[in-house]
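Shown next, in structure tokens, is the structure this report addresses.
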Amino acid sequence: MTSDPIPLSPKYRLSVVVPCYNEEEVLQELHRRLTAACRDVVDEDYEIVLVNDGSRDKTWPMIRAMSDLDPHVVAVNLSRNHGHQLALTAGLSVCVGDRILIIDADLQDPPELLGDMMDLADQGADVVYGQRVSRAGESWFKKVTAVGFYRFLKLMSDVDIPLDSGDFRLISRRALDTLLSMPEQFRFIRGMVTWIGYKQVPLPYDRAERFAGVTKDPVKKMIRFS
Ligand code: UDP
Ligand code: MG
């Protein structure tokens with residue numbers, strides 16, 4: 001007879017996972033705003049996992065310095081640039097929180113929405129995904145291709161992927177564990193999260209401009225991703 005394994009209790013109420021590629025200009029501000037948002041909602045009970053995706057600028061030394069100074073910061077360094085989705089997967093596989101916030105480094109997605117996301121999770125949502133009502137500071141090209149991309153995807157896919165949402169979302173530990181058990185090598189995380197099921201609810205928001213720096217997703221990468 002075997003007994004069920006004793007579940008490991010999550011170490012934190014919240015993990016925040018951030019893929020970072022050449023983000024030296026935004027890291028300080030990101031750390032400041034994320035820290036404020038986390039403290040507001042879960043007090044000291046959080047970790048911030050910053051994943052360096054083979055940056056060529058000072059991103060990695062900055063992340064290291066932050067983790068030396070702030071015990072909430074977990075520094076992860078990839079061997080080279082693997083792209084947004086794999087950097088995110090690396091961070092998700094090491095985080096230990098009970099709920100997980102996925103967010104970009106550039107502050108286009110406001111960390112201050114964390115409180116609303118946690119409330120919806122308290123009401124039973126396994127996934128709270130940000131749904132973009134507007135996009136500030138993005139080129140007409142990016143807007144038009146994004147609108148086209150999400151509608152085409154909806155048409156072609158069996159999975160009802162919500163329109164106009166990126167990877168900005170809060171997910172439960174059980175949803176994350178399901179996601180991590182999927183072996184897909186070319187990962188489209190937002191589609192995979194939708195596919196796994198459970199209760200998923202949108203949170204509409206206005207997407208801001210990048211705090212600083214330029215998009216790391218040039219046209220070539222966008223086409224590969226599509
Ligand atoms: N990113 C990454 N690896 C890459 C490209 C991007 O980790 O090869 C990160 C980047 O630092 C940011 C997020 O992925 O945190 C989204 O990138 P970006 O803001 O450039 O994309 P956009 O918002 O323009 O689609
Ligand atoms: Mg961005």
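In the set 133, 73, 49, 128, which member is in contact with a strand residue (DSSP E or B) (Cβ under 6 Å, 6 or more places away or on another chain) and open to solvent by 20 Å² or more (accessible area, probe 1.4 Å)?
133
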Notebook entry, point to check: Which one is modelled with the lowest pLDDT, of the residues in the stretch 1-32 that are hydrophobic (A, V, I, L, M, F, W, C) and outside any strand (DSSP E or B)?
Noted result: 1
Note to self: Quick test of your reading of the structure: residue 67 fulfils all but one of (1) more than 24 Å from residue 214 (Cα to Cα); (2) modelled with pLDDT under 95; (3) not aliphatic (A, V, I, L, M). Name the failing condition by number.
What the structure shows: (2)
Item checked: Enumeration of residues in the stretch 22-40 that are of a type in the set (S, T, N, Q) and in contact with a Leu (Cβ under 7 Å, 6 or more places away or on another chain) -> none
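For every residue, the table says whether it meets (1) among the polar types (S, T, N, Q); (2) modelled with pLDDT under 80; (3) closer than 21 Å to residue 123 by Cα.
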site: 198; (1), (2), (3): no, no, yes
site: 202; (1), (2), (3): no, no, yes
site: 205; (1), (2), (3): no, no, yes
site: 211; (1), (2), (3): no, no, no
site: 217; (1), (2), (3): no, yes, no
site: 221; (1), (2), (3): no, yes, no
site: 226; (1), (2), (3): yes, yes, no
Check: On the given criteria, is residue 150 out of contact with any helix residue (DSSP H, G or I) (no Cβ under 6 Å at 6 or more places or on another chain), assigned to a strand (DSSP E or B), modelled with pLDDT under 95 and open to solvent by less than 40 Å² (accessible area, probe 1.4 Å)?
Finding: no
Margin query: Could you check the stretch 83-99 and list, in sequence order, the residues that are in a loop (DSSP other than H, G, I, E, B) and more than 16 Å from ligand 2 (Cβ to nearest atom)?
Written below: 95, 96
Check: Can you name the condition, by its number, that residue 212 falls short on among (1) open to solvent by 40 Å² or more (accessible area, probe 1.4 Å); (2) over 18 Å from the mean Cα position of the chain (by Cα)?
Finding: (1)
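The values are calculated or read from the model by the stated rules, or taken from the named source; none is laboratory data. It should be emphasised that the depicted structure is a prediction, and the values quoted were computed from it without experimental measurement. Counting neighbours? That spans all protein chains shown, and the Cβs are built from the backbone with ideal geometry, glycine included. The protein model used for the area step is the full one, side chains on, heavy atoms only, and it has no ligands, DNA or RNA in it. Shrake-Rupley method; radii C 1.70, N 1.55, O 1.52, S 1.80 Å.
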